[in-house]
Amino acid sequence: MTTVPPVDLKNIQGDILAGIPKKFETTMFFQISNDVEGFRKRLTQIVPLITTTTEVSGHREAISKNKEEAAAQGRKPDLLPIVGVTLAFSQFGLKKIGVNDPIGDPAFQAGQLADAQNLGDKGTTTNGTFTPDWLPAFKNQVHGVFVIAGDSHITIDARLVQIRLILGTTIHEVFSVTGNVRPGDQKGHEHFGFLDGISNPAVQNFDTKPFPGQETIRPGFILLGRDQDPNIANRPAWAVEGSFLVFRYLSQLVPEFDDFLKKNPIVLPGLTPEQGSEFLGARLVGRWKSGAPLDLAPLQDDPALGADPQRNNNFRYDFPEDFQTQDRCPFAAHVRKTNPRNDLESLGISTEKNRIIRRGVPFGPEVTKDEVTQKKTLHDRGLLFRCYQSVIANGFQFIQHSWANNTGFPIQKPEVPGFDPIIGQAADPTSRTMSGSNPQNQTATLSLPTEWVVSKGGEYFFAPSISVLRDTFALGVHIV
Ligand code: N7H
């Protein structure tokens, strides 16, 4: 038996395992011009700008030290001017630069456009061809993507200018979008108002001190060609230590979502209508807005629990009542659908292969007064969803298609769970329902008349290792 070498943190792009720290983030999608040789030569100068995992760990240490020093001096920490870059290619991009051997992932090789209908995205079918209602950029071929994340627009724009100067006319930018951490007390919260970025798996040999309840997975479930990569036998040498980056542009209908909560409060003795609406929101997500998980705080919010990484992920839906009742958390709640923990483990089914590492960021403005009054979205906002995995069909695609959109999941429950109310997509969106929204009447189904998260497209990308970018994809000629 051959042993798989351990991961090399200087070789793996920094966003995958460590997550590039960000307040702002620009995602720039590009096509490579017909001067492919020029592009590959210039790539040599881009490679040193791509952030490694080791570098991100250094950046994170510097940020912690800066915060500690400021706290000791009783002042607010200044933001350190830190920027990080991720580069990934679609299957069209790999073909364009002459990398033709199959990478062993049919979903990647087919591209996300071919998957749109299967994922439940809306669109029209003409003469048997489905065309999703996506932004034009994603309906044409995108070859690659740069994600540039940092502390401010200034540092990000400076790095973007540098990249543009190096690549010149060898690329054509097709679409750019900027995300940002939300302001004030909404920092870290997505646009519906819920704290995000709490639960990601720890990766063995990298996250050596996982938080209580944070599952450790083997590296090959995120990195190709590493321990437990399910398709390790089919990977070309250039795929090793890379990861599939799934990007989705997801708009969120926030005023409509808030209006739904307002009109459908959970009615229980002692709850005001506002509290009933807050409770319904928590039942749809599986966590309160503070981040406190319903499985640990089933009846009322516990902000201290939500904010405490030592406790906010330490649950498994394994209270005696969890398997057969929705007393604590609805079966269909977003976080239960997308990481069912003991719902499958108790049946002897491991979910290790279905774990993904999420790195999304909100985009778009805060909700305006007009939107609140009209209960209608007038400005596009949402989540630039990004996640990493080694097999798209086990990771993002499976979670979206076979869990979130599948009314019968989690399996073997007394009531049909219904759709994931946040991301579940139905062929007829007005037909969406879920059970268990009201803990006192768990068989009742709640109609979810609107899909509040709307996919406007995306692509399946591959983020190669640094050495492959430098030695295989780039042509190694320095341009002066
Ligand atoms: Fe979700 N939301 O605000 O409701 N997500 N998500 N997601 N999501 C999570 O635990 C949200 C989306 C996962 O391990 C939280 O970090 C929104 C897609 C997974 O317990 C919140 C959108 C997919 C988890 C949200 C969106 C997933 C997770 C709790 C779209 C995959 C971890 C914070 C606009 C197909 C579950 C946290 C676990 C958590 C929300 C998209 C998957 C608040 C608004 C497309 C695996």
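Here, each number is a calculation from the coordinates, and none is a lab measurement. From a predicted model like this one, the values you see are computed outputs, not experimental measurements. When we count neighbours, we look across all protein chains shown, and the Cβ atoms used for this are built from the backbone with ideal geometry, even at glycine.
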Taking the simple approach of a point 7 Å from Cα along Cα-to-Cβ for both residue 431 and residue 380, what is their distance in nm?
-> 2.9 nm
Karplus 3J(HN,Hα) series, Hz, for the stretch 214-224 with 6.51 cos²θ - 1.76 cosθ + 1.60 (x for Gly, Pro) = 7, 6, 9, 10, 6, x, x, 7, 10, 9, 5
Each residue of the stretch 278-283 in turn: what ³J(HN,Hα) in whole Hz from Karplus with 6.51, -1.76, 1.60 and θ = phi - 60°, glycine and Pro shown as x?
-> 4, 5, 4, x, 5, 5
Residues with amide H under 5 Å of residue 393's amide H, sequence separation 5 or more or different chain, H placed in the peptide plane at 1.01 Å from N; which?
-> 107
Quick calc: nm separation of the 7 Å Cα→Cβ label points for residue 187 and residue 154 -> 1.9 nm
Here the FRET efficiency for residue 72 versus residue 304, based on Cβ atoms and R0 = 30 Å and rounded to 0.05, is 0.80
Helix 36-46 versus the longest principal axis of the chain: what angle, 0 to 90°, nearest 10, using Cα atoms?
-> 70 degrees
Euclidean distance of C-alpha centroids, the stretch 24-65 and the stretch 436-471, integer Å = 26 Å
Short version: ³J(HN,Hα) in whole Hz for each residue of the stretch 334-342, in order, from phi by Karplus 6.51 cos²θ - 1.76 cosθ + 1.60 (θ = phi - 60°), x for Gly and Pro, what are they?
-> 3, 6, 7, 4, 8, 8, x, 6, 5
With r defined as the distance between the Cβ atoms of residue 79 and residue 172 and R0 fixed at 41 Å, what FRET efficiency is calculated, to the nearest 0.05?
-> 0.80
With each pseudo-label sitting 7 Å past Cα toward Cβ, what's the residue 63-residue 118 distance in nm, one decimal?
-> 3.5 nm
All aspartates and glutamates inside 12 Å of residue 376 as judged from Cα atoms, apart from same-chain residues fewer than 8 positions distant = 256, 258, 259
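R0 = 56 Å: FRET efficiency of residue 101 with residue 314, Cβ-based, nearest 0.05?
So the FRET efficiency works out to roughly 0.80.
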Near residue 23, which aspartates and glutamates are there with a Cα under 16 Å away, not counting those fewer than 8 places off in the same chain?
-> 15, 78, 151, 157, 185, 190, 196, 366
Consider a paramagnetic label point 7 Å from the Cα of residue 162 along Cα→Cβ; state which residues of the stretch 34-64 have an amide N under 13 Å from it.
-> 45-52
Full extension between residue 368 and residue 412 adds, at 0.36 nm per residue less the Cα distance, a length in nm of 11.5 nm
Give the long-range amide H neighbours of residue 458: residues separated by 5 or more places, or on another chain, with amide H under 5 Å away, using H modelled in the peptide plane at 1.01 Å from N.
-> 249
